[in-house]
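Here's the structure, in structure tokens; my notes come after.
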Amino acid sequence: MADRYLSFTATAPGRFLTRRLGLPQPAALRRWSPEYPDLDGGLLHLTAGPSTLDLAPVLARTGPGTRSPDPVAAVVLDATGVRDVDTLAEVHAALHPVVRSVAASGRVVVLGAPLDPDDHHQAAVQQALEGFTRSLGKEIGRGRTVNLVRLTDAAAAESTLRFLLSPRSAYVSGQVIDVGAGPVAEGPIDHHRPLAGRTALVTGAARGIGEAVAETLARDGARVVVLDVPRAEEDARRVAERLGGTALALDITAADAGERIAAALPGGLDVLIHNAGVTRDRRLVNMPADRWSCVLDVNLASVLRTTDALLAEGALRPGGRIVATASIAGLAGNAGQTNYGASKAGVAGLVRALAPRALAEHGVTVNAVAPGFIETRMTAAVPLFIREAGRRMNSLAQGGLPVDVAETTAWLAHPASGAVNGQVVRVCGQSLLGA
Ligand code: NAD
């Protein structure tokens, strides 16, 4: 279902009228394409407080295409050295004069330090950066995004900075991402085909977001396995054929789904994407038990079961990546979705608890993406007024596309993203729902 309002506001009369009426002003987002791989313009590197990060070499490899400061395509503000309210003022002093000159669809990335539990002044002002980032994201407009990355080691954050400072992160804004100290990938990485030689399995990939994820991972060099229910086998085959991968017809709720995936992939698996999901909306008072159990089974129980089975069988190779699909409905709650919200919040809980152990015991990271309103068949079926509200109630005033979730998944699946673990990253254009 095309977003006609977005097309209308892109015209001169549309812009004039919606501005006069005080209506949302979505800007057409510039997304990655082979012709547009990098943001247009220069990168401004600013500092607030005494930083000890060795950022310059990473930014030299990472940032937008040209080094010329005009136009400013991205600003990176290193605020890791902010430890008190006085140095916090340097955040204002650094960004106040430049924020206006950031180009449309540009990026502001604030770098912060982990909160120090032994220093409540440092913890207070580092937490302040979160409120600052989210507030700037809500006011900056023109398709520009603002995100906060907490880190201690610039090299470990390279893949994250590459993602956030590129057109790939067009619909990711207002996020706080913690990057650990390592491990950093061994050896050189071909950033055009980072997943070359790796096998990725995507559940629910016959259509929608899963299909886009499979497509993006294949673009990045992965051999993809397109898993979907037997009744969608034909579509799954079509997708797999197009991407040079294979299809696997399997209902993920089968008790032995993990074992069957492992048997189908005797060479092992590098990337496991839990994308399959269903909704069966009803208010709790009207919800029969089967609508509850169906959603919990597909969205949560099968994710728990197959993850456990594949880790126990050693099917995920060291350096492996698991990315599960949550939803902002699970983080914020949504009327009529007690079953769905519970299942998706469960995914976030699973990710946070399993991540440190999976990394320590298997060398595998575990993260989640939490989509907001994404233009798919699922959301096309939503009644008009609720659909319009879903589209506009975010800082970018539009719905995301499946490719936005796919690009975020590809960053988490990247071999250089080993220091990103246990994160739940929203792909929601900074939706007004939830924090
Ligand atoms: P979709 O309905 O278009 O696609 C889901 C796919 O999963 C389908 O191909 C379906 O056949 C498959 N599937 C369902 N049950 C399965 C099972 N038991 N075994 C194997 N495959 C199964 O949905 P979508 O909009 O592409 O959503 C993909 C994921 O993103 C879901 O987890 C969904 O909850 C989540 N999500 C979507 C949105 C959105 O706005 N579309 C927002 C938040 C979260």
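The values are calculated or read from the model by the stated rules, or taken from the named source; none is laboratory data. As the structure is a prediction and not an experimental result, all values here were calculated from the model. A quick note on method: Cβ atoms are made from the backbone with ideal geometry, for glycine too, and the neighbour counts reach across all protein chains shown. Accessible surface is based on the protein model in full, side chains and every heavy atom, while ligands, DNA and RNA are left aside. Shrake-Rupley method; radii C 1.70, N 1.55, O 1.52, S 1.80 Å.
All but one of (1) within 14 Å of the ligand (Cβ to nearest atom); (2) surrounded by fewer than 19 Cβ atoms within 10 Å (Cβ to Cβ) hold for E313; which doesn't?
Checking E313 against (1) within 14 Å of the ligand (Cβ to nearest atom); (2) surrounded by fewer than 19 Cβ atoms within 10 Å (Cβ to Cβ), the one that fails is (1).
Looking at region 1-90, what helices (runs of 4 or more DSSP H) fall wholly within it and have at least 2 residues that are under 23 Å from K138 (Cα atoms) and out of contact with any strand residue (DSSP E or B) (no Cβ under 8 Å at 6 or more places or on another chain)?
4-9, 12-20
Filtering region 317-330 down to residues that are near the ligand (Cβ under 10 Å from one of its atoms) and of a type outside the set (V, I, T), which residue is farthest from V420 (Cα to Cα)?
Residue satisfying both the conditions and the ranking: A329.
Among the residues of region 201-239, count how many are near the ligand (Cβ under 9 Å from one of its atoms), outside any helix (DSSP H, G or I) and buried (at least 24 other Cβ atoms within 10 Å of the Cβ).
Number satisfying all stated conditions: 6.
Pull up region 355-381, narrow it to residues that are within 12 Å of the ligand (Cβ to nearest atom) and either in a strand (DSSP E or B) or without any contact (Cβ under 8 Å) to a residue 12 or more places away in the chain (or both), then point me to the one that is farthest from A312 (Cα to Cα).
A381
Scan region 313-352 residue by residue and report those that are part of a strand (DSSP E or B) and farther than 21 Å from D270 by Cα.
Q337
Inspect all residues belonging to region 413-424 and state whether any of them is within 20 Å of I209 (Cα to Cα), open to solvent by 20 Å² or more (accessible area, probe 1.4 Å) and of a type in the set (S, T, N, Q).
Yes.
Among what's in region 240-252 and is surrounded by fewer than 18 Cβ atoms within 10 Å (Cβ to Cβ) and part of a loop (DSSP other than H, G, I, E, B), pick the residue that is nearest to the ligand (Cβ to nearest atom).
D251
Among the residues of region 154-190, which ones are open to solvent by 50 Å² or more (accessible area, probe 1.4 Å) and among the acidic types (D, E)?
D178, E186, D190
Hey, can you tell me all the residues within region 382-412 that are buried (at least 24 other Cβ atoms within 10 Å of the Cβ) and assigned to a helix (DSSP H, G or I)?
Scanning region 382-412 gives R391, D404, V405, A406, E407, T408, T409, A410, W411, L412.
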